[in-house]
Amino acid sequence: MNTVYGLELHLPEDKLPGYYAQIVKGIADAVTLVDRHKTLLFVDGPDARDAVLRLADKYNVETECGLWLQLEAAWQTNDRVFGDYGVTTREGNRFLDLGLASVVALAAAAGEPSELAAALTQADEHAIASAEREDGRRLLAVDRHQEALLAGIARAYRCSFATVVPAAG
């Protein structure tokens, strides 16, 4: 999992095509994009984020900035809700908006009997995406407001719970 910055460009509609080409060229000259989805650009690191923000300001383009998580190929998404929390780019990369979601881990508790399978069945109902780890943990991307619910599920089934990637802001 890689944390990246997402910058949504709100391009003015009353400009000539050459205006947009200047913005695109300026961004391409300044930074290397991780990926993009329409007018949402993904960059790696605060320096690249700041460079895009400076260019957007130069061209009077309003920009929203946030933290996103690039999901690895092993992640399985819940197609019913993933689009509410993330995007899949034309390149097939999936990004999760950390302003809306967080990543938690459930696993069998060490040293005591736990009902991990039952906990995961219930937890999966709330998952935006999930991934199995080699160490036996299941990572779950969930709505940031449901972390306490998942912690309660883990306690009820005597499983361990941890926040792996907290929601931003």
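The values are calculated or read from the model by the stated rules, or taken from the named source; none is laboratory data. Given the structure is predicted, the values throughout are model-derived calculations rather than measurements. Cβ: placed from backbone, ideal geometry, glycine included. Neighbour counts: every protein chain shown. Only protein heavy atoms, including side chains, enter the accessible area calculation; ligands, DNA and RNA are left aside. Shrake-Rupley method; radii C 1.70, N 1.55, O 1.52, S 1.80 Å.
Solvent exposure of the chain, expressed per residue, is 55 Å² of accessible area, with all protein chains present and a 1.4 angstrom probe. Between the labelled values [x] 65, 28, 27; [y] 120, 52, 24; [z] 60, 33, 25, the entry that holds Cα extents along the principal axes in Å as derived from this structure is [x].
Annotation: amide H-H contacts under 5 Å for V34 (H modelled 1.01 Å from N, sequence separation of 5 or more, or interchain): F42, V43, D44. Model label sites at Y59 and A162, defined 7 Å from Cα along the beta-carbon direction, differ in position by 4.3 nm. Scanning residues 5 or more positions from A162 or on other chains, those with amide H under 5 Å from its amide H are A105, with H placed 1.01 Å from N in the peptide plane. Using a probe radius of 1.4 angstrom, the carbon and sulfur fraction of the accessible surface of the stretch 64-169 is 48%. Which stretch or stretches of the stretch 144-169 have amide N atoms under 14 Å from the point lying 7 Å from D135's Cα along the Cα→Cβ direction? Answer for the stretch 144-169: 160-165. Between the beta carbons of V24 and R80, assuming R0 = 35 Å, the FRET efficiency works out to 0.55 to the nearest 0.05.
Computed from point charges on the beta carbon alone (+1 for Lys and Arg, -1 for Asp and Glu), the dipole magnitude for the stretch 1-113 about its Cα centre is near 280 Debye. Spin-label model, A110 to T88: label points 7 Å out along the Cα-to-beta-carbon direction sit 3.7 nm apart. Springs between alpha-carbon atoms under 10 Å, Gaussian network over the chain: tell me which of T39, T89, T121 tops the mean-square fluctuations. In this elastic network of the chain, the residue with the biggest mean-square fluctuation among T39, T89, T121 is T121.
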